[in-house]
Structure formats: structure tokens, C-alpha cells
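See structure below.
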Amino acid sequence: MHGVNTAALQPSEWLTLPQAASYLQVHENFIRKRLRTRQIPFVRLGPRLLRFHRRELDQWLQEQRQPHSRTMKTSEQFTVGASV
């Protein structure tokens, strides 16, 4: 591609709040709530200017994963038609 700045076409590693919400597929208020409680990584560039790093959001998201619920053992499962 002649005359096209390919760096401008690639997504930035730094996201605005709306971009971070879109990236995480959540509402902007979800992000704002976690900002107030300092639960999500961000950089403050000014009084109302925040940026979120894509890799830090990925890492934060992985840290939020909950362990899978334990599956019932065979002895704990109920059999159909069994009387109690």
C-alpha cells in the first residue's frame, strides 16, 4: 500500500474508556465502577483523561476467572425413581 501509514491502521495498545468497555464487551459503567474502587488497571493522563493498556486488561480479566464449580461425585447423584 503506497502512501498509507500502516501503523495508523493497527489498533493501539492504549484504549480510551469506551474502547476498553468495547474490548471487554461490558458497559462503560462497569469500567467506571471498578475505577472508583481501583479494581481495574489504568493510567491517568489528566483530571479526566484515562487510558487502559490492552495487555493489562487481558491479564486483569484472567485474574477475574472463577474456578469451575465442583461436579457431583457418582455417590452424590440421585437416581431417577429412587425413594428417599
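The values are calculated or read from the model by the stated rules, or taken from the named source; none is laboratory data. Here the structure is a predicted model, which is why all the values come from computation and not from measurement. All Cβ positions, glycine included, derive from the backbone under ideal geometry; neighbour counts span all protein chains shown.
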Test for I40: is it part of a loop (DSSP other than H, G, I, E, B), modelled with pLDDT of 95 or more and within 20 Å of E13 (Cα to Cα): yes
The lone exception for S12 - which of (1) more than 10 Å from the chain's Cα centre (by Cα); (2) modelled with pLDDT of 95 or more it fails: (2)
Would you point out the residue of the range 11-29, among those that are assigned to a helix (DSSP H, G or I) and touching a helix residue (DSSP H, G or I) at 6+ places or on another chain (Cβ under 7 Å), that is farthest from R55 (Cα to Cα)? E28
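Determine, yes or no, whether V80 is modelled with pLDDT of 95 or more and assigned to a loop (DSSP other than H, G, I, E, B).
no
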